[in-house]
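J.: Below: one structure in structure tokens.
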């Protein structure tokens with residue numbers, strides 16, 4: 001890790017926070033190409049919830065996914081469908097910077113859930129996505145020589161590395177709060193450390 005790479009990650013965190021981003025997280029039936037969202041949460045820049053809902057999937061939640069997020073098939077039986085939830089999600093992220101920990105995964109699952117519900121995906125007007133996991137990898141600075149870049153850290157590891165007390169329950173709302181806290185930690189550390197570079 002170079003000091004300039006860390007400083008760049010800190011500046012990016014500070015710039016993103018200055019844009020009053022929202023933070024998004026999903027829980028899903030799994031990680032594969034046919035999996036879908038079973039919970040989605042979005043919080044505002046100040047941590048207040050904008051969207052926090054279970055989603056009734058059009059497929060069974062497998063046991064291995066339930067073991068991670070503890071969302072059972074019984075819990076989602078009376079939840080709204082993705083078609084019912086999406087307008088609220090779209091309104092919450094339109095025109096906003098959207099901070100996501102591992103953005104590629106959540107965006108892929110949003111698109112897959114659209115496809116499984118015969119809905120056409122288009123990015124909400126004016127929304128831009130920011131991957132906090134990639135910025136944190138640069139901030140933390142563990143080099144991956146095999147891939148020639150900084151090693152990604154799980155959200156749980158990032159929380160521990162930052163000394164944050166927020167739980168990582170693998171529920172969407174908790175994960176959005178932890179994602180926000182990680183970004184704020186990066187920015188705040190910068191206020192203390194940039195003077196030494």
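The values are calculated or read from the model by the stated rules, or taken from the named source; none is laboratory data. Every value quoted in this text rests on a predicted model; they were computed, and no experiment measured them. Cβ atoms come from the backbone with ideal geometry, glycine included; neighbour counts cover every protein chain shown.
J.: Please count how many residues of the stretch 1-29 are surrounded by fewer than 20 Cβ atoms within 10 Å (Cβ to Cβ), modelled with pLDDT of 95 or more and touching a helix residue (DSSP H, G or I) at 6+ places or on another chain (Cβ under 6 Å).
T.: 2
J.: Of the residues that sit in the stretch 3-55 and are free of Cβ contacts under 8 Å to residues at least 12 places away in the same chain and outside any helix (DSSP H, G or I), which one is farthest from the chain's Cα centre (by Cα)? Break it down stepwise before answering.
T.: Our first condition is that a residue be free of Cβ contacts under 8 Å to residues at least 12 places away in the same chain; within the stretch 3-55, this holds for 15, 18, 32, 46, 48.
Checking which are outside any helix (DSSP H, G or I) leaves us with 32, 46, 48.
Values: 32: 18, 46: 16, 48: 15 Å.
Of everything passing the filter in the stretch 3-55, 32 is farthest from the chain's Cα centre (by Cα).
J.: Find the helices (runs of 4 or more DSSP H) located wholly in the stretch 59-142 whose residues include 1 or more that are in contact (Cβ under 8 Å) with a residue 24 or more places away in the chain and within 18 Å of the chain's Cα centre (by Cα), and list them. Step through it out loud before you land on a result.
T.: Numbers: elements: 63-69, 73-76, 82-93, 103-116, 132-140.
Output list reads 63-69, 82-93, 103-116, 132-140.
J.: Which condition breaks for residue 104 when tested against (1) at pLDDT 95 or above; (2) loosely packed, with under 13 Cβ neighbours inside 10 Å; (3) farther than 24 Å from residue 67 by Cβ?
T.: Result: residue 104 fails condition (3) only.
J.: Here is a follow-up. If residue 168 meets every condition in (1) at pLDDT 90 or above; (2) touching a helix residue (DSSP H, G or I) at 6+ places or on another chain (Cβ under 6 Å) apart from one, which number is that one?
T.: (1)
J.: Here is a follow-up. Would you say residue 58 is out of contact with any helix residue (DSSP H, G or I) (no Cβ under 6 Å at 6 or more places or on another chain) and within 28 Å of residue 127 (Cα to Cα)?
T.: Numbers: out of contact with any helix residue (DSSP H, G or I) (no Cβ under 6 Å at 6 or more places or on another chain): no; within 28 Å of residue 127 (Cα to Cα): yes.
Answer is no for this residue.
J.: Further question: Would you point out the residue of the stretch 170-193, among those that are surrounded by 13 or more Cβ atoms within 10 Å (Cβ to Cβ) and free of Cβ contacts under 8 Å to residues at least 12 places away in the same chain, that is nearest to residue 53 (Cα to Cα)?
T.: Step one: list which residues in the stretch 170-193 are surrounded by 13 or more Cβ atoms within 10 Å (Cβ to Cβ), which gives 170-190, 193.
After this cut, where a residue has to be free of Cβ contacts under 8 Å to residues at least 12 places away in the same chain as well, the list is 174, 188.
Numbers: 174: 12, 188: 31 Å.
For the stretch 170-193, the residue satisfying everything is 174.
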